[in-house]
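The values are calculated or read from the model by the stated rules, or taken from the named source; none is laboratory data. Being a predicted model, the structure only gives us computed values, none of them experimental. Note: ideal-geometry Cβ built from the backbone for every residue, glycine included; neighbour counts use all protein chains shown. Heads up: the accessible areas ignore ligands, DNA and RNA and are worked out on the full protein's heavy atoms, side chains in. Shrake-Rupley method; radii C 1.70, N 1.55, O 1.52, S 1.80 Å.
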Amino acid sequence: MTSWRVSSSAALPKWTREEFDSFNELKESNMAGRERNQTDMDKGIVIPDDWPGYPLDLFTSPEHYCEDLECVYIPHGVIMDRTERLARNIMDDLGDHDIVVLCVLKGGYQFCADLVDCIKVLCRHSNKTLPMRVDFIRLKSYLNDQSTEDLHIEGAENLSVLSGKNVLIVEAIVDTGKTMKTLLDHVEAFSPKMIKVAGLLVKRVPSGTGYLPDYVGFEIPNRFVVGYALDYNEYFRDLNHICVISDRGKQKYKI
């Protein structure tokens, strides 16, 4: 039986006053629906480099990860609210068109499932409709916490069904953008009618190509995050929140 850890607010002193002020500014500017210009909207909710995250003791987490996480970076409820907004944007743009949702496994399965669920709810309460079929492709380019040049694509042989279709690629995280550009080139070879990309997270990295998905949940600093189906060597997929892995966690699950 899995045990869950729930602690009191006694951990609050871990935050300094400056960190609390930073959190309040982030909440007011990014999470309260402040008007943004188009560039900011394209980036999604921008989390600054100095964002400390939330203390672990404010949330529940599986006991087996109690010393393997540094902080809760994006709580599950915020992820779900943002996903609902992305679903609405997709519905506005693509409504009344048949689409093929191409889910990028493994990390994208939870985001894809929740996004599709949100779209289905909107279809039931809207004059627009968005008929969907879902296909899957698996990419692997990470070893431990480093993205490698060696990209493995599984399921690519079945993508002929994308020919002439409107395709929505759903990916959990985009960092350098190289993997996504390789995938886009591969998908375009099957002559789809249109390709859009929804990415839950876009990471700011020095080696980035500047690629930005059409629909972005959050832009985050260059930190290695896990949870909400994002893994470190197949661990942490069972976390509801997006968290920052600790150095102890990296060493514990390193291969």
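Which of the residues spanning the stretch 215-239 are touching a Gly at 6+ places or on another chain (Cβ under 9 Å) and either under 24 Å from residue 196 (Cα atoms) or of a type in the set (Val, Ile, Thr) (or both)? Passing the criteria: 215, 216, 217, 218, 219, 226, 228, 229, 230.
Residues considered: 207, 246. Of these, the only one that is surrounded by fewer than 15 Cβ atoms within 10 Å (Cβ to Cβ) and over 24 Å from residue 136 (Cα atoms) is 207. Among the residues that make up the stretch 41-58, is at least one of them open to solvent by less than 60 Å² (accessible area, probe 1.4 Å), at pLDDT below 90 and either more than 30 Å from residue 153 (Cα to Cα) or among the β-branched types (Val, Ile, Thr) (or both)? So far as the stretch 41-58 goes, no, none of its residues is open to solvent by less than 60 Å² (accessible area, probe 1.4 Å), at pLDDT below 90 and either more than 30 Å from residue 153 (Cα to Cα) or among the β-branched types (Val, Ile, Thr) (or both).
Looking only at the stretch 68-82, which residues are part of a helix (DSSP H, G or I) and either surrounded by fewer than 22 Cβ atoms within 10 Å (Cβ to Cβ) or at pLDDT below 95 (or both)?
76, 77, 78, 80, 81, 82
Checked against (1) under 14 Å from residue 111 (Cα atoms); (2) modelled with pLDDT under 90, residue 149 meets all criteria but (1). Within the stretch 165-186, the set of residues being touching a residue at least 60 places away in the same chain (Cβ under 8 Å), open to solvent by 20 Å² or more (accessible area, probe 1.4 Å) and more than 23 Å from residue 225 (Cα to Cα) comprises just one member, 165. Residues of the stretch 94-140 that are over 18 Å from the mean Cα position of the chain (by Cα) and part of a loop (DSSP other than H, G, I, E, B): 95, 96, 97, 98, 125, 126, 127, 128, 129, 130, 131.
Check 172, 229, 198 and return the single one that is under 15 Å from residue 100 (Cβ atoms), in contact with a helix residue (DSSP H, G or I) (Cβ under 8 Å, 6 or more places away or on another chain) and among the small types (Gly, Ala, Ser).
Only one candidate passes the filter, namely 198.
If the condition is being touching a residue at least 60 places away in the same chain (Cβ under 8 Å) and either over 11 Å from residue 74 (Cβ atoms) or surrounded by fewer than 22 Cβ atoms within 10 Å (Cβ to Cβ) (or both), then the stretch 215-225 contributes 215, 216, 219, 221, 223, 224.
The residues of the stretch 208-245 that are small (Gly, Ala, Ser) and either modelled with pLDDT of 95 or more or under 14 Å from residue 173 (Cβ atoms) (or both), listed by number, are 208, 217, 227, 229.
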